[in-house]
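**Student:** Structure provided below as C-alpha cells; questions to follow.
The values are calculated or read from the model by the stated rules, or taken from the named source; none is laboratory data. Just so we're clear, the structure is a prediction, and the values are computed from it rather than from any experiment. Ideal geometry is used to build each Cβ from the backbone, glycine not excepted, and the neighbour counts take in all protein chains shown.
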Amino acid sequence: MLPSLEEILIHTAEMPWRAKSLAGVHEKMLWRDEATGASIALIRFDKGASIPTPHLHASNQFMYCLQGHYEYTSTGVTLRPGSFYCNPKGNVHGPTLAHEDTIVVEIYDGPHYPERPSWYDNDEDAR
C-alpha cells in the first residue's frame, strides 16, 4: 500500500538551511513519510565537507546533483550538475568529499540508516 500523500507546494528559496551536526552539511527537508522513513530533501555540502567513513543505508538512496562537485573517494564516483546516482540498500559506499559547494536532491524510499552513524551527534540528523 502506498503512503497517502497530500498536495504540497514548497518554495525552497524561502526555506532556511538546517545545519546538521556534521560540519559543512545542511538540509532542507521537503517531504518525509513518518510511517516509512522515506524522504526527499535538498542537501548542501560546503566545499571540503565529507562523510568520513564507509557506510550503508537501510533503504535505497537516490541523488540528483544540482550544483557542485561531489565524489565518493573510494570508487571515484563523481556527481556534477545533472548527475543521477542510485545507491542500493545495503551497499557500502564512501567516504565522500565535496570538492566545491554542492547541492543535491536526495531521496530515500525508507529509513536512512540501520543505526545512527558516529559522525552525527543526534538522531534527527540521521533521519
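**Student:** Of all residues in segment 78-88, how many are surrounded by fewer than 15 Cβ atoms within 10 Å (Cβ to Cβ) and either closer than 13 Å to HIS55 by Cα or touching a residue at least 40 places away in the same chain (Cβ under 8 Å) (or both)?
**Tutor:** Going through segment 78-88 one residue at a time, the tally reaches 1.
**Student:** Separate question: Under 6 Å by Cβ, and 6 or more places apart or on different chains, what pairs join a residue from segment 45-71 that is farther than 21 Å from ARG18 by Cβ and without any contact (Cβ under 8 Å) to a residue 60 or more places away in the chain with one that is of a type in the set (A, V, I, L, M, F, W, C) and surrounded by fewer than 16 Cβ atoms within 10 Å (Cβ to Cβ)?
**Tutor:** Sorted first by the residue in segment 45-71, then by its partner, the pairs are PRO54/VAL92; LEU56/VAL92.
Okay, residues lined up against (1) touching a residue at least 24 places away in the same chain (Cβ under 8 Å); (2) among the basic types (Lys, Arg); (3) over 16 Å from SER50 (Cα atoms):
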| position | (1), (2), (3) |
| --- | --- |
| THR73 | yes, no, no |
| GLY76 | no, no, no |
| HIS99 | yes, no, no |
| GLY110 | yes, no, yes |
| TYR120 | yes, no, no |
| ASP123 | no, no, yes |
| ARG127 | yes, yes, yes |
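**Student:** I'd like the full set of residues that are among the charged types (D, E, K, R) and either within 21 Å of LEU97 (Cα to Cα) or in contact (Cβ under 8 Å) with a residue 12 or more places away in the chain (or both), limited to segment 19-44.
**Tutor:** Result: LYS20, GLU27, LYS28, ARG32, ASP33, ARG44.
**Student:** So, THR53, is that one surrounded by 13 or more Cβ atoms within 10 Å (Cβ to Cβ) and β-branched (Val, Ile, Thr) or not? Let's see the steps before the verdict.
**Tutor:** Working: surrounded by 13 or more Cβ atoms within 10 Å (Cβ to Cβ): no; β-branched (Val, Ile, Thr): yes.
Here the answer is no, as THR53 does not meet what is asked.
**Student:** Has segment 7-26 got at least one residue that is modelled with pLDDT under 95 and of a type outside the set (A, V, I, L, M)?
**Tutor:** Yes, segment 7-26 contains a residue that is modelled with pLDDT under 95 and of a type outside the set (A, V, I, L, M).
**Student:** Given the criterion at negative phi, surrounded by fewer than 15 Cβ atoms within 10 Å (Cβ to Cβ) and among the acidic types (Asp, Glu), identify the matching residue among GLU106, GLU100. Break it down into steps so the answer makes sense when it comes.
**Tutor:** Details: GLU106 fails: surrounded by fewer than 15 Cβ atoms within 10 Å (Cβ to Cβ).
The match here is GLU100.
**Student:** Shifting gears a bit: Could you check segment 76-92 and list, in sequence order, the residues that are touching a strand residue (DSSP E or B) at 6+ places or on another chain (Cβ under 7 Å), polar (S, T, N, Q) and not in a strand (DSSP E or B)?
**Tutor:** SER83
**Student:** Also: Which of the residues belonging to segment 29-60 are more than 14 Å from GLU71 (Cα to Cα) and among the small types (Gly, Ala, Ser)?
**Tutor:** The answer is ALA35, GLY37, ALA38, SER39, ALA41, ALA58, SER59.
**Student:** Continuing with this model, one more query. Could you list all residues from segment 13-41 that are part of a strand (DSSP E or B) and within 22 Å of VAL92 (Cα to Cα)?
**Tutor:** So the first thing to find is which residues in segment 13-41 are part of a strand (DSSP E or B), and the list is 18-19, 25-32, 39-41.
Listed by number, the residues that qualify are VAL25, SER39, ILE40, ALA41.
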